[in-house]
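What follows is a set of notes on a single structure, which appears directly below.
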Amino acid sequence: LDEGMQESQRAAHTIAAIIRTRSEAGQLMAREEIFHALQELRKQDGMKPDQGEHREEWEALLNKALMEHEDLKVLSGKDGVPYHYSGLFISEPYARILLRKEGDPLLLIAETVREHSAVYPRPVPLEMFSQAPFELTRDEILMCLQQMAEHKEYRDIARTRTSSGTVYLYSTVHLDPGYARRLAEWFDVGQFENP
């Protein structure tokens, strides 16, 4: 391999390492952040930071890293910005949650509830949104539910309460209210009473 090829190979491996490190910390990485991280590494190595004149080269190196490392994945945000992560540390559903988390918490809750109702199909316990990766406070969750009740685009998000008092959310587009109630009761109480 000539020196240019070796340099490009090293850069692609460095990009993969940067993305993996961020993924291991449970975070997505925007393309611009990768570019800045590479700039910082150039500074640390005593090289002059790239002022953007070789932007196309960095894009090509990122694409090379994506092609050569199967674990590196890309998701587009709602603004079209690509976010990168490593499948070694973050699953695609988890990455989608992290991506939604960057935006509107109402949409985060609604889309998560809709996805669970449609795909699995099952309602989700309200307390799930206080845990990682959501990490909303109880007050934030309750405020979101109150705001959702006032907007017609969230009209399909409904609640049910189990016999033990746990609140579950589901989408009426994907789950019938009676079925959602029975599923919530099973997940919260029945499965533990009938092992």
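Quick look at the values:
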read-out	value
Selection from the range 5-38 of residues that are crowded, with 17+ Cβ neighbours inside 10 Å and among the basic types (Lys, Arg)	ARG20, ARG22
Every pair of residues 6+ apart whose Cβ atoms lie under 8 Å, when the first sits in the range 33-46 and is of a type outside the set (A, V, I, L, M) while the second is modelled with pLDDT under 80 and open to solvent by 90 Å² or more (accessible area, probe 1.4 Å)	ARG42/LYS48
Some residue of the range 55-66 being touching a helix residue (DSSP H, G or I) at 6+ places or on another chain (Cβ under 8 Å), modelled with pLDDT of 80 or more, assigned to a strand (DSSP E or B) and surrounded by 16 or more Cβ atoms within 10 Å (Cβ to Cβ)	no
Scan of the range 67-80 for residues that are open to solvent by 70 Å² or more (accessible area, probe 1.4 Å) and in contact (Cβ under 8 Å) with a residue 40 or more places away in the chain, ordered by number	GLU68
Criterion (in contact (Cβ under 8 Å) with a residue 12 or more places away in the chain and either surrounded by fewer than 18 Cβ atoms within 10 Å (Cβ to Cβ) or in a helix (DSSP H, G or I) (or both)) met by exactly one of TYR83, TYR94	TYR94
Members of the range 1-33 that are in contact with a strand residue (DSSP E or B) (Cβ under 9 Å, 6 or more places away or on another chain) and not in a helix (DSSP H, G or I)	GLN27, LEU28, MET29, ALA30
Set LEU136, LEU106: member being in contact with a helix residue (DSSP H, G or I) (Cβ under 6 Å, 6 or more places away or on another chain), open to solvent by less than 20 Å² (accessible area, probe 1.4 Å), within 25 Å of ALA30 (Cα to Cα) and not β-branched (Val, Ile, Thr)	LEU106
Selected residue (criterion: most open to solvent (accessible area, probe 1.4 Å)) from residues of the range 140-177 that are touching a residue at least 24 places away in the same chain (Cβ under 8 Å) and part of a strand (DSSP E or B)	ARG159
Qualifying position, being of a type outside the set (Val, Ile, Thr) and over 20 Å from LEU142 (Cα atoms), among LEU62, LEU106	LEU62
Residue that is aliphatic (A, V, I, L, M), at pLDDT 90 or above, outside any loop (DSSP other than H, G, I, E, B) and surrounded by fewer than 15 Cβ atoms within 10 Å (Cβ to Cβ), where the choices are ALA118, ALA180, ALA184	ALA118
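The values are calculated or read from the model by the stated rules, or taken from the named source; none is laboratory data. Predicted model only: the values in this text are computed from it and were never measured. Don't worry about glycine lacking a Cβ; one is built from the backbone with ideal geometry, like all the others, and counts go over all protein chains shown. These area figures cover heavy atoms from the full protein model, side chains too; ligands, DNA and RNA do not enter into them. Shrake-Rupley method; radii C 1.70, N 1.55, O 1.52, S 1.80 Å.
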